[in-house]
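Q: My questions will all concern the structure given below.
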């Protein structure tokens with residue numbers, strides 16, 4: 001493996017999700033396209049797929065967040081998110097000022113589990129929140145050396 005390429009998140013309302021990821025976290029839109037066609041249908045194993053794909057980058061690191069709003073096939077309702085379930089549970093984002101991001105999360109009306117607190121190892125300050133579709137995010141500010 002040579003690196004993490006991106007994390008894909010299916011969203012219910014692209015404009016709402018863009019306000020969250022772009023405006024709260026400062027991600028930049030690097031790609032915004034409607035994708036469809038035989039190749040995509042084959043790749044996803046779904047006939048007649050149509051999806052709006054928006055790729056976001058924070059300007060400093062390679063991994064992207066890819067937001068996907070499916071119009072075909074009809075999206076399935078999100079399963080209840082849970083940090084202790086088996087499988088992918090959250091996306092961790094490193095920020096420069098965790099308190100400022102927490103304030104923006106609250107102002108945006110999004111759910112934070114608890115205010116920022118020091119990590120168990122004392123190397124970071126962090127909090128968990130959910131995006132507009134209930135996907136958990138861990139928001140981390142590094143305050144010391146990483147172990």
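The values are calculated or read from the model by the stated rules, or taken from the named source; none is laboratory data. From a predicted model like this one, the values you see are computed outputs, not experimental measurements. Here Cβ is always computed from backbone atoms with ideal geometry, including for glycine, and neighbour counts include all displayed protein chains.
Q: Is the range 43-51 home to any residue that is crowded, with 16+ Cβ neighbours inside 10 Å, at pLDDT 95 or above and closer than 24 Å to residue 28 by Cβ?
A: Scanning the range 43-51 turns up at least one residue that is crowded, with 16+ Cβ neighbours inside 10 Å, at pLDDT 95 or above and closer than 24 Å to residue 28 by Cβ.
Q: Does residue 23 count as in a helix (DSSP H, G or I), without any contact (Cβ under 8 Å) to a residue 40 or more places away in the chain and closer than 27 Å to residue 102 by Cβ?
A: On the way: in a helix (DSSP H, G or I): yes; without any contact (Cβ under 8 Å) to a residue 40 or more places away in the chain: no; closer than 27 Å to residue 102 by Cβ: yes.
Taking the combined requirement at face value, the residue does not satisfy it.
Q: Between residues in the range 59-77 that are under 14 Å from residue 48 (Cα atoms) and residues that are at pLDDT 75 or above and part of a loop (DSSP other than H, G, I, E, B), which pairs lie under 7 Å by C-beta distance while being six or more apart or on different chains?
A: Final answer for the pair search is 72/48; 72/49; 73/46; 73/49; 75/12.
Q: Do you know which of the residues in the range 81-95 that are part of a loop (DSSP other than H, G, I, E, B) and touching a strand residue (DSSP E or B) at 6+ places or on another chain (Cβ under 7 Å) is surrounded by the fewest Cβ atoms within 10 Å (Cβ to Cβ)?
A: Among residues in the range 81-95 that are part of a loop (DSSP other than H, G, I, E, B) and touching a strand residue (DSSP E or B) at 6+ places or on another chain (Cβ under 7 Å), the one surrounded by the fewest Cβ atoms within 10 Å (Cβ to Cβ) is 83.
For (1) exposed (fewer than 12 other Cβ atoms within 10 Å of the Cβ); (2) part of a strand (DSSP E or B); (3) modelled with pLDDT of 90 or more; (4) out of contact with any strand residue (DSSP E or B) (no Cβ under 9 Å at 6 or more places or on another chain), each residue gets a yes or a no:
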{"residue": "66", "(1), (2), (3), (4)": "no, yes, yes, no"}
{"residue": "70", "(1), (2), (3), (4)": "no, yes, yes, no"}
{"residue": "79", "(1), (2), (3), (4)": "yes, no, no, yes"}
{"residue": "106", "(1), (2), (3), (4)": "no, no, yes, no"}
{"residue": "114", "(1), (2), (3), (4)": "yes, no, yes, no"}
{"residue": "122", "(1), (2), (3), (4)": "yes, no, yes, yes"}
{"residue": "133", "(1), (2), (3), (4)": "no, no, yes, no"}
{"residue": "140", "(1), (2), (3), (4)": "no, yes, yes, no"}
{"residue": "147", "(1), (2), (3), (4)": "yes, no, no, yes"}
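Q: Closer than 23 Å to residue 12 by Cβ, touching a residue at least 12 places away in the same chain (Cβ under 8 Å) and surrounded by 11 or more Cβ atoms within 10 Å (Cβ to Cβ): does that describe residue 101? Please lay out each step first, then the result.
A: On the way: closer than 23 Å to residue 12 by Cβ: yes; touching a residue at least 12 places away in the same chain (Cβ under 8 Å): yes; surrounded by 11 or more Cβ atoms within 10 Å (Cβ to Cβ): yes.
When the stated conditions are applied, residue 101 passes them.
Q: Please state which of the following conditions residue 55 fails to meet, knowing it meets all the rest: (1) assigned to a loop (DSSP other than H, G, I, E, B); (2) modelled with pLDDT of 90 or more; (3) within 14 Å of the chain's Cα centre (by Cα).
A: (1)
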